[in-house]
């Protein structure tokens, strides 16, 4: 009688390494399909390196963000390999978090700081009444404001143990949003500095942070602690043969 051993399931870490990049690629591909028409309107000018019509438009910034994604993934791989060679704990997570914070936040900051038609001539405008501007944002504006610091809220607690809590992510998102709204007012970009933008930006950072909660860095995973343990173990291994000869 012959029996066949059941196929073993792949290890959880290996499964995550396969699923997470696959989900990321699928998400980017889905966004590109949905936004293909507006993105293609900016493609000729962006590919020609023209500033006007590419980097000063929302469609152009989104297109260049998608085009730069493969380069960002290469940077993640290079940083992870360098950290692994140095014996740093969780090299892939740390590298992905660092590149993700930058690649996912800078384009939205660029779009929020784009000047309006009356920039430089129209005085700064401030709206300090909560929830008054929320009704006028519309679905697209609300989603956009939620995404401004979503990457920061998602990846920052994965990289920094000091930010691995909901109140701190909320403070981070709100603080960064206040700086952006203040810059819009001071630079007279023909934009309204609204408290509702701060509230929605902070909420987006918190929601994204909650989505990455299982990967948050803890104090016990700090790089200095793990590197010290590795150095002590390496020193102990090197000293054993010498002790055996004496």
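A few notes on this one:
- Single residue of segment 125-136 satisfying the filter (out of contact with any helix residue (DSSP H, G or I) (no Cβ under 7 Å at 6 or more places or on another chain) and part of a helix (DSSP H, G or I)) that is surrounded by the fewest Cβ atoms within 10 Å (Cβ to Cβ): 135
- Here residue 94 fulfils each of the conditions (1) surrounded by 16 or more Cβ atoms within 10 Å (Cβ to Cβ); (2) within 22 Å of residue 180 (Cα to Cα); (3) within 16 Å of the chain's Cα centre (by Cα) apart from (2).
- Failed condition for residue 100, given (1) at pLDDT below 90; (2) outside any loop (DSSP other than H, G, I, E, B); (3) surrounded by 14 or more Cβ atoms within 10 Å (Cβ to Cβ): (1)
- Of all residues in segment 31-49, none are touching a residue at least 40 places away in the same chain (Cβ under 8 Å), more than 19 Å from the chain's Cα centre (by Cα) and not in a helix (DSSP H, G or I).
- The residue list 177, 193 contains one member that is in contact with a helix residue (DSSP H, G or I) (Cβ under 6 Å, 6 or more places away or on another chain) and not in a helix (DSSP H, G or I), which is 193.
The values are calculated or read from the model by the stated rules, or taken from the named source; none is laboratory data. Here the structure is a predicted model, which means the values were calculated and not measured. Cβ sites come from the backbone with ideal geometry, for glycine too, and all protein chains shown count toward neighbours.
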